[in-house]
1. List every residue whose amide H lies under 5 Å from the amide H of Thr98, counting only residues 5 or more places away in sequence or on a different chain, with H placed 1.01 Å from N in the peptide plane.
2. Once you sort the root eigenvalues of the Cα gyration tensor of the stretch 59-191 as a ≥ b ≥ c, which label holds: rounded (a/c under 1.5), prolate (a/b larger than b/c) or oblate (the other case)?
3. Over 5 Å intervals from 0, what percent of Cα-Cα pairs in the stretch 46-134 sits in each interval?
4. Between Asp129 and Val232, what is 0.36 nm times their sequence separation minus the Cα-Cα distance? Round to one decimal in nm.
5. Consider all pairwise Cα distances in the stretch 94-142 and report the whole-number % of them above 13 Å.
6. Give the dimensionless ratio obtained when the Cα radius of gyration of the stretch 151-305 is divided by 2.2 N^0.38 Å.
7. Roughly speaking, what % of Cα-Cα pairs in the stretch 234-305 are separated by over 15 Å, rounded to a whole number?
8. Fewest first, what order do Lys249, Lys163 take by the number of other Cβ atoms within 10 Å?
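Quick note: the coordinates plus some simple rules give every number you see, no bench work behind them. Everything quoted here is computed from the prediction, not taken from an experiment. When we count neighbours, we look across all protein chains shown, and the Cβ atoms used for this are built from the backbone with ideal geometry, even at glycine.
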Amino acid sequence: MLNFRWMRVGTSLCGCLLLGVLIAVQWAAFSEEGSVVKLKSFFQRPLPCGAHRGGVAMWPENTAYAYKSAAAQWPDVLLEGDVQLTSDKRVVVLHDDTVDRTTNGTGRIGDLTLEQVKALDAGYRFTPDGGNTFPYRGKGITIPLFAEALSAVPAGRFLMEMKNQPGIAEATVSVLREANALDRVVLASLNPELMRQARQLEPRVLACYDALNGMDMLARLRGGEWPAYQPVADMLAVGTDTVASVDLKAEEIRAVRDKGICVVVFTVNNPDLMRRYIDMGFSSILTDKPQLLQEILAQQKAATR
């Protein structure tokens, strides 16, 4: 995905600007040649911090508990995650193909019914201290239905990666419609065909650039065709390795944002990299450690006063 997360806008999903100047420059950052780009409601409030899978280092990942906890502390957090189908075609939030790493069960998610999935303890393997304690075991935390994750944070903004399963696009769009959540979820996928299917089924869906149209956009940005370029998606998500490999510049990030495109970098857990990407002007930074990122944002804000 050029590691352009075709997030993965992953899912989750979900860079940060200097908090002290973010609101002041919000509209200017999305203007082109003096004319303000009309932003969709999802992007009208800044979202500098993104909680990767809800905050992997802080709570059991991809659970309603994690999303609710993150949003309670930081109402403007971007909640990232991954959606997959059970054997009975229910959309659940899970990153891996199997339930082995995060629960007390075993097996491929696509081979398990929703009833079997719900019997598992999704907090069983979470440990904040390298295995010394497991504070969320036996607390009733389960792998959530996508609809349950959405209802856990009624005002939350999500970035959800559709995993590569037949029927996932149709099922995910159906959940968004039923939950009346088309305006607060950006869909992404590593598979461009799944993104095409989702947007064909529901033209109103918020979409992340996939690998193909992301590479095309970068080529146009650097090839002199940028003034005439019209965005084909709402969000661009790039991995840290991609930022380095394509030598992405701060002025290029600003140019993309000037087209009304939200630019996200993932997954950033190093404090020095967090500071660097804040300075580069990413719209949001996805991290396993949202508490750390929020502290750095607060430091940056204080330094600008």
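1. Ile109
2. Cα axes put the stretch 59-191 in the oblate bin.
3. Reading upward from the zero bin: 3, 15, 23, 22, 18, 12, 7, 1.
4. Length gained, Asp129 through Val232: 32.8 nm.
5. Beyond 13 Å sits 54 percent of the P(r) for the stretch 94-142.
6. Ratio of Cα Rg to 2.2 N^0.38 Å: 1.11.
7. Details: 1333 of 2556 pairs.
Looking at the stretch 234-305, the distances longer than 15 Å represent 52 percent of pairs.
8. Details: Lys249 13, Lys163 21.
Fewest-to-most Cβ neighbours within 10 Å comes out as Lys249, Lys163.
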